[in-house]
Amino acid sequence: MSEGFNLSRTSLPLPLPLLLPKDTRKVKAKSVLNFLGPAFIVSVAYIDPGNFATNISGGSVFNYSLVWVILWSNLMAMFLQSMSAKLGIATGHNLPEMCSKIFSRKTNWFFWIEAEFAAMATDLAEFLGGTLGLYLLFRIPMIYAGLLTGILTFLIVYMEKYGQRVVEWIIGTLVVVITIGYTIELFLAKPDWAQAGIHTLIPSLPNGKAVFIAVGMLGATVMPHVIYLHSQLVQARNKKDCNDEQKRKHLRMARIDIAIAMNIAFIVNAAMVIVAAAVFFRNGMVVDTIEQAHKSLEPLLGTLSSGVFGIALLASGLSSSAVGTMAGQTIMKGFVGLTIPINIRRLITMTPALIIIALGINPMNALIISQVVLSFALPFAIVPMLLITSRKDLMGSLVNKPLTKIVGWIITCLIVGLNAVLLYLTFTCKI
């Protein structure tokens, strides 16, 4: 064989998958699939009804200008969820349980109280989304739609009895419904893809109001309940007495899971902004509520579009309500070790949302209040997580490296600062 065809000496390496035996590639693909699931449950928090309202408002007012906010929010979310997963894999415990081990009992009672309020505030927003979805699709009165949302959420979470993978499949299916829904919306809206691409990569804030909306989009994206929850969800894949190499493999697989799920969430969120820009901004319409968006889509894009929007909203509300309820269970048991029956724990986190709906309080006002509560709660999830994951005696070989610590604290300061701005804008009635 001539030297030019000697594979051992050529300067053009073959792609790695082609160098692996077929059976080996199958094993690797199967290994990845076995670890997919937890991040898909978590990703629901990033495409919940609150994101619908904020993203649609941003696109209708500022065209494609704020798509970049979705990209950067997603990158920060991927980092924080990876940190949460790493904590669960390295320690064999979830974040609330680790807090109970290293902080004082008084501190943990404080953490538990604020985390419960955060879980209830999350459920409030998600229940409102599911209720609105049922109302918009079937014209079911709000109070009955709220009760039905509660029953459906309870059924989804109850399926955890048959294993976490069952819940992962159910919520994963709902995520697929949301994704397909907005893919159809994109097809019908016919956006300016060049402009959408430019504004995804190049940050821009046209004026002061754009800053307000951008802060709202980012401030409502990263939520404390899924930071707590992700460290619990990875336990289903943890093996007893696993060594450092097995933990590192689990973390690699978890990061693949996070990358796939979070990028799907990015696509859906970006699609919300792009559709709003292509439909509402192009027609000179400013949309401030989810209900208004649903009503406005039909005359502009047809019945199919408004129906698909309602289905996506319902899927978002049901799936995110289930995730919020699961997070409430993790929080209640982890911080202070309360042994309340599981069905009672689920009911506690659902009740405030049902009360709000029964009282007929404006859904958008309730959504703003819930975001304020979440803004207060976020640092109490992120800061303990960074402190724990930076301790070698707790994390072993998966302890944070210096660069990870720096990036983590920069992201923390940025999120806390932006949430402070969101609080200011909320209390001064500027959003």
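The values are calculated or read from the model by the stated rules, or taken from the named source; none is laboratory data. This is a predicted model, so every value here is computed, not measured. Counting neighbours? That spans all protein chains shown, and the Cβs are built from the backbone with ideal geometry, glycine included.
In the set (1) of a type outside the set (Ser, Thr, Tyr); (2) modelled with pLDDT under 90; (3) over 14 Å from Gly216 (Cα atoms), the condition left unmet by Leu423 is number (3).
Checking Ile388, Ile368 one by one, the residue that is in a helix (DSSP H, G or I) and at pLDDT below 75 is Ile368 and no other.
Inspect all residues belonging to the stretch 179-186 and state whether any of them is of a type in the set (Gly, Ala, Ser) and either surrounded by fewer than 14 Cβ atoms within 10 Å (Cβ to Cβ) or modelled with pLDDT under 85 (or both). Talk me through it step by step, then tell me what you get.
At the first step, the residues of the stretch 179-186 found to be of a type in the set (Gly, Ala, Ser) are 181.
Of the ones still in play, those that are also either surrounded by fewer than 14 Cβ atoms within 10 Å (Cβ to Cβ) or modelled with pLDDT under 85 (or both) are none.
Among the residues of the stretch 179-186, not one is of a type in the set (Gly, Ala, Ser) and either surrounded by fewer than 14 Cβ atoms within 10 Å (Cβ to Cβ) or modelled with pLDDT under 85 (or both), which makes the answer no.
Does the stretch 110-128 contain any residue that is of a type outside the set (Lys, Arg), free of Cβ contacts under 8 Å to residues at least 24 places away in the same chain and either outside any helix (DSSP H, G or I) or crowded, with 16+ Cβ neighbours inside 10 Å (or both)? Within the stretch 110-128, none of the residues are of a type outside the set (Lys, Arg), free of Cβ contacts under 8 Å to residues at least 24 places away in the same chain and either outside any helix (DSSP H, G or I) or crowded, with 16+ Cβ neighbours inside 10 Å (or both). Against the numbered list (1) within 19 Å of the chain's Cα centre (by Cα); (2) part of a helix (DSSP H, G or I), Thr221 comes up short only at (2). Pairs are defined by a Cβ separation below 9 Å, a sequence spacing of at least 6 or placement on different chains, a first member in the stretch 84-97 that is more than 14 Å from Asn400 (Cα to Cα), and a second member that is in a loop (DSSP other than H, G, I, E, B); the pairs so defined are Gly92/Asn238; Gly92/Lys240; Gly92/Cys242; Glu97/Gly337.
For the stretch 40-67, the set of residues classified as touching a His at 6+ places or on another chain (Cβ under 6 Å) and in a helix (DSSP H, G or I) consists of Val42, Val67, listed by residue number.
Screening Lys239, Lys247 for residues that are without any contact (Cβ under 8 Å) to a residue 60 or more places away in the chain and either over 30 Å from Ser397 (Cβ atoms) or not aliphatic (A, V, I, L, M) (or both) leaves exactly one candidate, Lys239. Checked against (1) within 28 Å of Leu301 (Cα to Cα); (2) in contact with an Asp or Glu (Cβ under 7 Å, 6 or more places away or on another chain), Thr200 meets all criteria but (2). Just checking, which of Leu134, Leu174, Leu152 is over 21 Å from the mean Cα position of the chain (by Cα), modelled with pLDDT of 85 or more and not β-branched (Val, Ile, Thr)? Checking each option against the conditions leaves just Leu134.
The set of residues in the stretch 183-210 that are without any contact (Cβ under 8 Å) to a residue 12 or more places away in the chain and part of a helix (DSSP H, G or I) comprises Phe187, Trp193, Ala194, Gly197, Gly208. Across the stretch 391-417, the number of residues qualifying as surrounded by 18 or more Cβ atoms within 10 Å (Cβ to Cβ) and modelled with pLDDT under 90 comes to 3. Does Val308 qualify as being part of a helix (DSSP H, G or I), within 27 Å of Leu71 (Cβ to Cβ) and at pLDDT 85 or above? So Val308 fails the test.
Filtered by the rule that a residue be in a helix (DSSP H, G or I), at pLDDT 70 or above and either crowded, with 24+ Cβ neighbours inside 10 Å or at positive phi (or both), the stretch 333-351 gives Gly334, Phe335.
Within the stretch 58-72, the residues that satisfy the criterion of being crowded, with 24+ Cβ neighbours inside 10 Å and touching a Ser or Thr at 6+ places or on another chain (Cβ under 6 Å) are Ser65, Val67. Restricted to the stretch 272-291, and to residues there that are crowded, with 24+ Cβ neighbours inside 10 Å and either within 30 Å of Lys86 (Cα to Cα) or among the β-branched types (Val, Ile, Thr) (or both), the residue that is farthest from the chain's Cα centre (by Cα) is Val279.
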